[in-house]
């Protein structure tokens, strides 16, 4: 390029010189020649200036072009260096990335193995817990089964008037299965029959905590409150217990009107006894009539109805009812020779009917009477006293006073035989 520019400059100078020589070869007129010479000189100078300018421009252009060429060459080299650098950098980054991935994979593998080991340990612990729970459930099931098998034994002991033995059996059943409401109920029922009222209330309340709808436990709790009033004087406290007992009876009988106790008697009879003690004779009669509807073959409700008729001066109704009581009670004693309450009804009805030869009945009754409490004998003595008074006193019914005395003697004999605490 530089050669082209130099040749161009030489060509311009030669052309200018040729024009100048040509102008000199042709002689002009004097004045005209001078003017033409000046003009030619001026024109030559202009051409020379233009040529110099063109030459400078060409030189400048050449310099720019050379600079660009150098820049391009440098750039190409630089790009080559950068490319190689980037190639090595990319390779290095790839190596680092591969190492990082390998490290991350190793870390994940280690975490996975640790997690797998932890889950395996948890699974082993869970399996051990399940085995232990299953074994515990098996043991509890076996204990509950054994506890249930003891309930019939306790019931037989109770019916044989072995209250202490029944209580111990039920206690053993409770130790095997402490959350059985029936066991708590049975313990409470035996406890109230043995005059252990606080113990009875505790077990019956526990039975109702386990099963709030357990009507038997509610009725037995009412009976417990009623029995608590036996030794209490007339007072607001006794009235409160009467009210609690009545509410418990009514709630239980509302749920189950045909509910009977462990002696096979309707709980309506116990409610009737409460009304009789409070002097509510009409309500007592209605309650015993409901009891007679539930247990028509039991002498218990009819015996109490006979006593209520006696208090209302319904002598004919009383005697008619006592005849029925004698028939029913005799049948009960034949069916269950250890039915104490049937013997008391049989004795009472025979004495009411004027029959004096009842020694065999009394003897049998005293033999099977519960020994842990005097309540059954006290109840019989109280009933015979009421009967004697209703018939006109000792003079009118001397046969009754004899048996009252025998029963009282038995009570004192038992008290004397008990160890003092």
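Read the figures in this text as sums done on the coordinates, not as results from a lab. Remember, it's a predicted structure, so these values are computed and weren't measured experimentally. All Cβ positions, glycine included, derive from the backbone under ideal geometry; neighbour counts span all protein chains shown.
A few points about this structure:
- Gyration tensor (alpha-carbon) shape descriptor, segment 303-370, a/c threshold 1.5: prolate
- For segment 320-421, averaging the sequence separation of C-alpha pairs within contact (under 8 Å, six or more residues apart) and dividing by the residue count gives a relative contact order of 21 percent.
- Relative contact order for segment 220-319, counting Cα pairs under 8 Å that sit 6 or more residues apart, in percent: 18
- Residue exposure sequence - 305, 126 - by fewest surrounding Cβ within 10 Å: 126, 305
- Alpha-carbon centroid distance for the pair segment 350-382 / segment 192-234, whole angstrom: 26
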